[in-house]
Structure formats: structure tokens, C-alpha cells
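Peer 1: Take a look at this one; I'll ask things after.
The values are calculated or read from the model by the stated rules, or taken from the named source; none is laboratory data. In this text, all values refer to a predicted model and were calculated from it rather than measured experimentally. Here the Cβ positions follow ideal geometry from the backbone for every residue, glycine too, while neighbour counts run over all protein chains shown.
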Amino acid sequence: MSRAAKTVHRDAPLLPRELDTAQAQALIDAAGDIALVLDADGIVLDVRAHDRELLKTARRAWLGKAWADTVTVESRDKAGELLAAALADAPSAPRQVNHPAGAGPDLPVLYAAVRVAGSPRARGGVRVVALGRDLRDTVMLQRRLVDAQQSMERDYWRFREAETRYRHLFQASAEAVLIVDGRTLRIVEANPAALALLGRGAKTPKVVDAPLTSLFAADAGEPLAAAVASARSVGRHERVTVALAQARDPVTVSLVAFRHDQASFLLARLAPPQTTPARPLRARANGSAAAAGDAAEGLGIEASFVRHAADGVAFTDAQGRVVAVNGAFARLAQLSSEDQARGQPLDRWLGRTGVELSVLLANLRDNRLGGGAGLFATELRGALGLVTPVEVSACALDDDAASGGAAFAFAVRDTARRLAPGEAALPTKVPTSVAQLTELVGRVPLKQIVSETSDLIERLSIEAALTMTKDNRAMAAQLLGLSRQSLYVKLRRFGIGNLDGSDEASA
């Protein structure tokens, strides 16, 4: 190909000079999510959009109006600048323009305007097309990102405040305290009182990063090992009297196990010996360890998935007493070890009221062959007072004997940091469920929400309670906090269930 041919090819227009109406409309439709056809005065002559609901709303509200009157106050200057640049054939960067959407959030659109017909001198034939890209999905993602960042920021400052309080108490305490790594038994931290106590001898020992046993006399190794084993097993205070390595003064060591950031630690408190004799730690530690091993082996929870699952897992007997839990459940319940939960009723931690777990267990007993319960929303109360919203899924195990005495299995998922679903851009429907009702909070006056949905909420609550209790009306009334007579009155009012005179008489 000659150089002249290459030049002609490079300078040739990419599109034909003349496009028929159908081709022009197809090009406009493909160029953006929404397109406005304007005249020289900015009057909206036509609207095209991919979203049918948006197209219907826009044609009803925008046709025949000035473009600047269809946007929010802060976007009017942007719309005017885009129109002026298009009429002057001047290049202009796309601008985000917001359209008001009634009670819902504004409709954000990224517009670029171009003149497609006529000349500035002949204003009657001028046509400008504003091509827009719907930014609702982008804005929703940005809003969720901001919510996630704010949640992380709140968590960060809450942790900083907790750490500040911990540091203050740790440093100001008059009691000698050591923080010991639960795996290596090396000292991680020591407060000033502990350093002063351990440094009373002729030579001040190195405390931080030293083995715990190195701070005491040689004959203290065996009783300390027994105390550590007992603390790891049951997580309780254990006392043992031993002598310091330097000063040879006797001290009483109390150990408490706790978890932090997926790791286990021991809190060692040093104090002058008390008059009460030390408890026999070796037998207790060995018995606890053996019991834990037997329960885990009988239940068959050596599987790596159960032990290391991010969700809490708990196994109970037929009466709801814990047979075994995994580490994630222990962390949610603020327990220092999994063994602390064994033998305790599960509703000690799980459930807002004492009835919720009873209802769940009753459903599991009735449906032993028909599956389990899923996505049961409730709360988990930690041993130190922390309340965490959770979702519970549960099922009945096939054979109690083969499961080490466990009859039911529960999976507990923390939902405290779950982000709320994004809002709809143009809500117009009356709420028919709790999920739709929550979307109106903050966008519709409370009086209007209450007047339109009070009966709906009451009916849904009663239906949910009857479903959870398998139509056991006495248990449903207890779950709702009503008397049986009040429940029957509401059932008759909403026409739920088949009621006759004998039902109310028995109540």
C-alpha cells in the first residue's frame, strides 16, 4: 500500500456522514444507560433508558421540562455547563448530575452532552443528546465501603480504649502480675509490681521473654507444671506455693487462662503465701485432661474443619447440655478454654430468653428425620458480659451412642459486623414484610410507618411464633410474652388458625 493510500485511510471518517433515524437511535441506546434529547433551550424532548421503571418515571416527570428543573439544586450549574459546552461544540468532561427521586435517595447519573443536529445560529433545529451512565450501583458500593470503613474505625477506637484501660490497670496494680505465653510458657509482659518482687534478691533476673520456671527455685518445676496443666484444662484460678529463685522467699502463684487474637495466654498473679494449704493440682489436672480427651474422642470432633471453623460449633445432649464446643464458640462465649462449656446448659450463653432454645430443641426433637433448623436469629451472651447477635443453624445427630452422647449439633455465626443491605433507589411499594419495613426507617415518618404496619408486625410475629413452635399455642404465647387468652384474642382478630369455643375455654 502506497503512502498516499495510507494517508487517505488514516484521515477517512470512522462513521458515515449520514445516519438514518433508526441507526442514530440504536447508537444512542448503546452509548449509555439513559439518554436525554434536548433542544437549544435545554427542554427535554425525549427520554430513553434501559431500566423500564426508570424510563416510565423519567418520561412522566421530565418530558417538556427544562433539564435544569429535573435535577437537584446543587446539580443545576453542572447541567447548564454541559448544555453550553455541547452547543458551542467545546469538549467537556463528563459530570455527575443527581435527579431527585421523591422519598428515596437521589438518582445519580454521569452525563456527557454532544450536539447532534443544527447549528448554534439556527436554534430551532438544534438538538443536543445527553448520554448518561446510571451510577446507582456505584454509589451503593461506595456507601457500603464507607459503612465498612466507619465500622472498622469504630472497632479500632474501641480496641484502643480497651487497650488504654488495660495498660493503666496493669501498670498501676499493686499486685504482681505476669502475662505468660500459653504455648511456650515464656513471659510476655510483667508489671512494675512483679519486677519489684522478682528483683529483691542480689541479682535482678531478666523477666520478659524468660521461661516462667526460671524465676523460681529448682524444686518448683513439678508443682508449676501441674498448675499450668490445670489452668489450661479448666481455665480457673489455681494456687501453688513455690520459692523464688533469687530471694528464696515463698510466693503463691495463681494462674488464669485466657485467649487473645487466636492465641492462649496465662495470667500469673504472685502474692505472699496464704495460710490455706495448696490444692492437689496434679490429680485435678490429669482428670480434666483425661475427661476432655475422652469426650473429644467419643464425639469424633478431631476433624480439622470442626476444630478450626470460623463459626462456632457446639454439641449438646438431648437435654441441651453441652458435650463439646470448638474454639470459635469458646471465643464468642468469652471462655478461656473449650472445657469450661462442658456440662453446662447451652442456654446459659445462647438465646435472648429462656424459651428460645427450648423451642429450637423441641423442633429438633420433632424433626429428627426431617432435617434441622437454619438461620435462627438470636443473641449469644459472653461470660464477661459481651452480647453478640448471631445466626444459629442446628440439626439432630443420627446416633447418640456413635456421637459420644451428643444428640444435637449447633453452628453459630457472628452477625455483628454484617453490613445492612443497600437501599432501593425508588421505593414505591407498601411494605409487606419485615425486610421491606426496615428499608423505610429514616426515609418515612415514624407515625406513617406505625399506622401502616402495626397490624402487619403483630400478625407476622404471631405467625412466626406459631411456625417456630409447630402450632403449640401455649409455647407460642410464652415466646411472645402474652397470656394464652390474649393470644387467642389476637388469633381470632387476624383469622389465624381454626378456633372454636373449646380452645378459648381451655385457655
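Peer 1: Among the residues of the stretch 214-245, which ones are over 34 Å from the mean Cα position of the chain (by Cα), within 16 Å of Ala176 (Cα to Cα) and either part of a strand (DSSP E or B) or not hydrophobic (A, V, I, L, M, F, W, C) (or both)?
Peer 2: Matches in the stretch 214-245: Phe216, Glu238, Arg239, Val240, Thr241, Val242, Ala243, Leu244.
Peer 1: Something else about it: Restricting attention to the stretch 355-368, does a residue exist that is outside the structural domain of Arg232 (by TED's automatic domain parsing), modelled with pLDDT of 85 or more and surrounded by fewer than 23 Cβ atoms within 10 Å (Cβ to Cβ)?
Peer 2: For the stretch 355-368, residues outside the structural domain of Arg232 (by TED's automatic domain parsing), modelled with pLDDT of 85 or more and surrounded by fewer than 23 Cβ atoms within 10 Å (Cβ to Cβ): absent.
Peer 1: Within the stretch 29-88, restricting attention to residues that are farther than 20 Å from Leu135 by Cβ and touching a Pro at 6+ places or on another chain (Cβ under 9 Å), which residue is surrounded by the fewest Cβ atoms within 10 Å (Cβ to Cβ)?
Peer 2: The extreme case among them is Ala88.
Peer 1: Follow-up. Pick from the stretch 134-169 the residues that are surrounded by 11 or more Cβ atoms within 10 Å (Cβ to Cβ), under 17 Å from the mean Cα position of the chain (by Cα) and among the acidic types (Asp, Glu): which of them is nearest to Asn98 (Cα to Cα)?
Peer 2: Asp147
Peer 1: In addition: Counting just the residues of the stretch 120-133 that are within 15 Å of Leu45 (Cβ to Cβ) and surrounded by fewer than 13 Cβ atoms within 10 Å (Cβ to Cβ), which one comes out modelled with the highest pLDDT?
Peer 2: So, considering only residues that are within 15 Å of Leu45 (Cβ to Cβ) and surrounded by fewer than 13 Cβ atoms within 10 Å (Cβ to Cβ), the one modelled with the highest pLDDT is Gly125.
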